[in-house]
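S.K.: Encoded as structure tokens, here's the structure I'll be asking about.
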Amino acid sequence: MTQKIKRLEAHVANQIAAGEVVQRPASLVKELLENAVDAGASEISLHIKEGGKLQVQVIDNGHGMSLQDALLCFERHATSKLTLAEDLFNLSTKGFRGEALASIAAISQVVLKTKTSEDELGTEIKISAGNFQETNQLVAPKGTSFTVNNLFFNIPARRNFLKSKQIEQRHITDEFHRLALAHPEIGFSFFADGDPLFVLPIVNFNQRIVQIFGKKTQDKLVPVSEETPQLKISGYILRPEAAKKSRGTQFFFVNKRFIKSSSLHFAVVNAFDGLIANGIHPGYFIKISVPTASIDINIHPTKTEIKFEDEHTLFAILRASIKHALGQFNIAPVLDFDRDPNLDHPYHDTKKQAVYPQISVDAFFNPFENEPLTIKDGSFKNAAVFKRITPGWESLYSGLHESAYETTLDPAEEPNAVFYEQQGTQEALFASDVSDTATGSCFQLAKKYIVTPTKSGLLLIHQSRAHQRILYEEFLINFTHKKAGSQQLLFPKIIHFTKPEVLLLEELIPSLEPLGFNMSVIDKESVSITGIPITIIADHIETVLIDFINSYQNDLLGDHFSQTDILAKALAKTMAIKTGDYLSYAAQQNIINLLFACKETLVSPFRKTIINTIQQKDLDLKFL
Ligand code: ADP
Ligand code: MG
């Protein structure tokens, strides 16, 4: 009998295990920063090169390691944080699996320098693909420095899957934010290719949020606080009007560990119910402290999901505390999306005496007085009643073009719609000559579809997706030919963003120029705009850019390959007309014409169906 089963060599086993812990440079950053926190550091700095693909270095002033520990720390299941299996249920440290360093060393080239306060000299260890290369004694400050070079250099298949520098850096920034928010009592700094992106001295939680997200956030924070014998909730929510389309500002920390939890998220969303519109996400920075024995952190290798002993109670308490915070700060009554401003008392009326309504009745009124009854086919109809309705019935239809559509272009009449795209894009849609291209008739259905007849039936066009497709193809062309028109603003417009938003815009400015944007970064939280694409109205530029940043960030996390493509998609999504926007007849015609001039007409840039046809024969079946 031949033996088929073999034990894997240690370095192969380590490489496989590494896949669980290390997916991308951001995973290294998470593990190394967590180790530094566990080592009791009060100052931690992170340095990356090329989005961490070339190098990730974390330096801390924590307790360091002796020579023996430094040699041991790269062994699998070597940890100083756990001795007994029971300890797993009583964790106060970030790490405990003793796996991270072994995994990292197996798939990169690591240089460790470390020194404890007891030792005279420090230790330097170099490892490549899990093999010790060198060990030296040297003069070093107390603490530890881990440098990880060339991640996945020995597994080209994995290396090829790493994304662009910008995308990897974004993931790293996310990890950095999570840890920096969880530990405001530690000073953090972050340098990318030598540039200081964040330098965060020790502060309290509130100030740490502002350090990261900018001064703009300061007056949008509403404190949340609740304490029961089992748990303590503290932190902040963002005022409902600061809620966004992206989920960039949603943080839960349980016992100082960032976690993701759909049920806790739902508790917050539920508390915000009615205060923010659909598709908009509330912002929150919530810290929850529970006894360590009541949670199980061990269910996910990257430790971002945990299990609570009593999730129902936690859900209820969290929701109540957020509702309470919203109520206490008088937020709930101020923002009522369904309120009809027409029903508000005009200010000058508030002091007037109420007058009783007067009712006068014409006791002699007889509606049938002058109208003879007409009797036809044995039944009778009152001609006058009939007549009162019939004149102008045609106007119900003819009015569709002039009144129902045209007038709603006035923003005042449609308080909930998003106008910048509507006005800007409607103008653009009008701009080209429709008179000679317009063919056939069409109408708008449910402010969502454009319906137009064809030879064999009906065509239903999803207005927003169609416009996304049109803009997307236009932007792709503009990116390559750099020919989009730009309007110069009379006075530069200064717009304030959060720090991460400015960082992102700074990166994107060169790519946005061919589309007609002219802007420059003034400082870490503001940008000056001097030129904008002709399709956008100057007053709407801030909303367009914020919307754009959000959808761009969301998309970065997806699996798109080219930056131009992501940019074109994000802009198309931001600037396209939306479901709920009214379209004039001419605008509808123009969308149809422009759509059919596109290379691809059937699916949106996000692979969603644009057009559906209804065949006449199917309609006929309904009338059998
Ligand atoms: P874990 O964090 O799960 O214990 P790691 O592989 O991340 O496992 O680290 C192994 C051990 O190395 C840790 O338990 C700790 O004793 C030591 N160690 C790692 N990083 C540091 C550091 N920055 N400072 C001091 N000790 C460290
Ligand atoms: Mg660790």
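S.K.: Number of Lys pairs in region 178-245 with C-alpha atoms less than 22 angstrom apart, excluding same-chain neighbours closer than eight positions?
M.R.: 6
S.K.: Around Gln615, what is the net charge, scoring Lys/Arg as +1 and Asp/Glu as -1 over all other residues with Cβ under 13 Å from its Cβ? Could the numbers behind the result be given before it?
M.R.: Values: positive: Lys455, Lys617, Lys622; negative: Asp618, Asp620.
Its environment carries a net charge of +1.
S.K.: Beyond 14 Å, how much of the Cα-Cα pair distribution for region 491-556 remains, as a whole percent?
M.R.: 55 percent
S.K.: Calculate the spin-label point distance for Gln133 paired with Gln68, positioning each point 7 Å from the Cα along the beta-carbon direction, and give it in nanometres.
M.R.: 2.8 nm
S.K.: Same structure again: Once label points are set 7 Å from the Cα along Cα→Cβ at both Ala597 and Ile477, what is their separation, rounded to one decimal in nm?
M.R.: Calculated label separation equals 0.7 nm.
S.K.: Can I ask one more? Could you tell me how many cubic angstrom of Cα convex hull volume region 1-74 has per residue?
M.R.: 125 Å³
S.K.: Further question: Shape of region 10-200 from its Cα gyration tensor (a ≥ b ≥ c, root eigenvalues): rounded if a/c is under 1.5, otherwise prolate when a/b > b/c, or oblate? Show your work: numbers first, answer last.
M.R.: Values: a/c = 1.27, a/b = 1.09, b/c = 1.16.
Since a/c stays below 1.5, the shape of region 10-200 is classed as rounded.
S.K.: Can you give the extra length, in nm with one decimal, that the chain gains between Arg159 and Gln230 once fully stretched, where that is 0.36 nm per residue apart less the Cα-Cα distance?
M.R.: Working: separation 71, 0.36 × 71 = 25.56 nm, distance 4.57 nm.
Length difference between fully extended and current span is 21.0 nm.
S.K.: Stretched out fully, how many nm does the piece from Leu445 to His324 gain, at 0.36 nm a residue minus the Cα gap?
M.R.: Numbers: separation 121, 0.36 × 121 = 43.56 nm, distance 4.13 nm.
Residue separation times 0.36 nm, minus the Cα-Cα distance, leaves 39.4 nm.
S.K.: How much length is gained if the chain between Thr313 and Asp539 is pulled fully straight, taking 0.36 nm per residue apart and subtracting their Cα-Cα distance, in nm to one decimal?
M.R.: Values: separation 226, 0.36 × 226 = 81.36 nm, distance 4.64 nm.
The Thr313-Asp539 span can extend by a further 76.7 nm.
S.K.: Can I ask one more? When a/c is below 1.5 the answer is rounded, else prolate if a/b is larger than b/c, else oblate, so apply that to region 501-624 with a ≥ b ≥ c taken from the square roots of the Cα gyration tensor eigenvalues.
M.R.: It is prolate, given that a/c is not under 1.5 and a/b is the larger ratio.
S.K.: Same structure again: So, for region 452-613, what is the accessible surface per residue at a probe of 1.4 Å, expressed in square angstrom? Walk me through the numbers before you get to the answer.
M.R.: Working: 6800 Å² over 162 residues.
Here the per-residue accessible area is 42 Å².
S.K.: Just to confirm a number: summing +1 for Lys and Arg and -1 for Asp and Glu over residues other than Val527 whose beta-carbon lies under 14 angstrom from that of Val527, what do you get?
M.R.: Details: positive: Lys216, Lys493, Lys499, Lys524; negative: Glu501, Glu506, Glu507, Glu513, Asp523, Glu525, Glu542.
After counting each charged neighbour, the total is -3.
S.K.: Let me have the relative contact order for region 472-616, percent, based on Cα pairs under 8 Å that are six or more residues apart.
M.R.: Rounded, it is 22 percent for region 472-616.
S.K.: Continuing with this model, one more query. Given a cut-off of 29 Å, name the pairs among Lys94/Lys163; Lys81/Lys126; Lys323/Lys493; Lys287/Lys499 whose C-alpha atoms lie farther apart than that in the structure shown.
M.R.: Distance filter (> 29 Å) returns Lys323/Lys493.
S.K.: Evaluate E = 1/(1 + (r/R0)^6) for Ser511 and Lys4, where r is the Cβ-Cβ distance and R0 equals 60 Å; express this FRET efficiency to the nearest 0.05.
M.R.: The computed FRET efficiency comes out at 0.65.
The values are calculated or read from the model by the stated rules, or taken from the named source; none is laboratory data. Quick caveat, the model's predicted, so the values are computed rather than measured. Using ideal geometry, Cβ is built from the backbone for each residue, glycine included, and neighbour counts are taken over all protein chains shown. Ligands, DNA and RNA are stripped out before the accessible areas are found, and what is left, the full protein with its side chains, is counted by its heavy atoms. Shrake-Rupley method; radii C 1.70, N 1.55, O 1.52, S 1.80 Å.
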